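These notes are about the structure you will find just below.
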Amino acid sequence: MTSKLKTDILETVSGSGTIALTNQLSGMTGASMPSGSVLQVTTSIYDTVGSTTSASYVATGWSFSITPTSSSSDILINVTAIGSADKGTNCLFRLYRSIGGSGYTHVSGATGTHASVTDYNGFLATGYIPSDTHHELTMHNLHGVYKDSPNTTAVVTYKLYYRARSGANAYINRSQINSVGNDSAVTYGVCSSSLTEIKG
């Protein structure tokens, strides 16, 4: 059985006043929310297949954007990318950012610092793909999270860049083989992202 409580007035404990119940949240704005509150979320899906032979980082073609409501907000970036490469190699991704339509710059805080050759440090990286039979069908489901502080209320656009090992191919949303005529087990992937504005 459903119960329902109806009342016109709530009185304070001291009896010195009353509490109005009508539309308590109607005046709530982002500015009045506490630090750490989620202000908005945007999502993106990218299902285009692509490849590169570049040993330098080049754009994948996938971008995802958000327009912060406050310059003090942080942006929590969640990215899932499907990557692969030729057998005997691997693929690296880096995160780049554009503010207000300006050129893209590397978000260096999202890149590792382990390798002695700096180009081998990435935001996302596939594992080494062996040279054995059928490993040309290998794809990696890669996931990364990064909190950015763009300090702007202009549109912020992020983009994944990727690179291949010298003389090899790197792929997005596909394996090395992507023709059913080559193998009936060919599969494809889809990249996705979510950008969450968090009040600073």
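The values are calculated or read from the model by the stated rules, or taken from the named source; none is laboratory data. These numbers were taken from a predicted model, which means no experiment stands behind them. So basically every Cβ, Gly included, is an ideal-geometry build from the backbone, and we count neighbours across all protein chains shown.
Considering 172, 129, the condition of being farther than 30 Å from residue 72 by Cα, modelled with pLDDT of 95 or more and buried (at least 17 other Cβ atoms within 10 Å of the Cβ) is satisfied by 172 alone.
Given 163, 94, which one is basic (Lys, Arg), part of a strand (DSSP E or B), within 30 Å of residue 199 (Cβ to Cβ) and in contact with a Phe, Trp or Tyr (Cβ under 9 Å, 6 or more places away or on another chain)? Selected residue: 94, the only one of 163, 94 that is basic (Lys, Arg), part of a strand (DSSP E or B), within 30 Å of residue 199 (Cβ to Cβ) and in contact with a Phe, Trp or Tyr (Cβ under 9 Å, 6 or more places away or on another chain).
For the stretch 22-37, check the following and say yes or no: at least one residue is at pLDDT 75 or above, part of a loop (DSSP other than H, G, I, E, B), at positive phi and not basic (Lys, Arg). Checking the stretch 22-37: at least one residue is at pLDDT 75 or above, part of a loop (DSSP other than H, G, I, E, B), at positive phi and not basic (Lys, Arg). Figure legend. Inter-residue proximity from the stretch 89-112: first residues under 27 Å from residue 175 (Cα atoms) and of a type in the set (Gly, Ala, Ser), second residues modelled with pLDDT of 95 or more and assigned to a strand (DSSP E or B), beta-carbon distance below 6 Å, spacing 6+ or different chains. Indicated pairs: 110/95; 110/146. Filtered by the rule that a residue be under 23 Å from the mean Cα position of the chain (by Cα) and in a loop (DSSP other than H, G, I, E, B), the stretch 112-127 gives 112, 113, 114, 121, 122, 123, 126, 127. Here is the figure for the stretch 47-74: residues that are over 15 Å from the mean Cα position of the chain (by Cα) and crowded, with 18+ Cβ neighbours inside 10 Å total 5.
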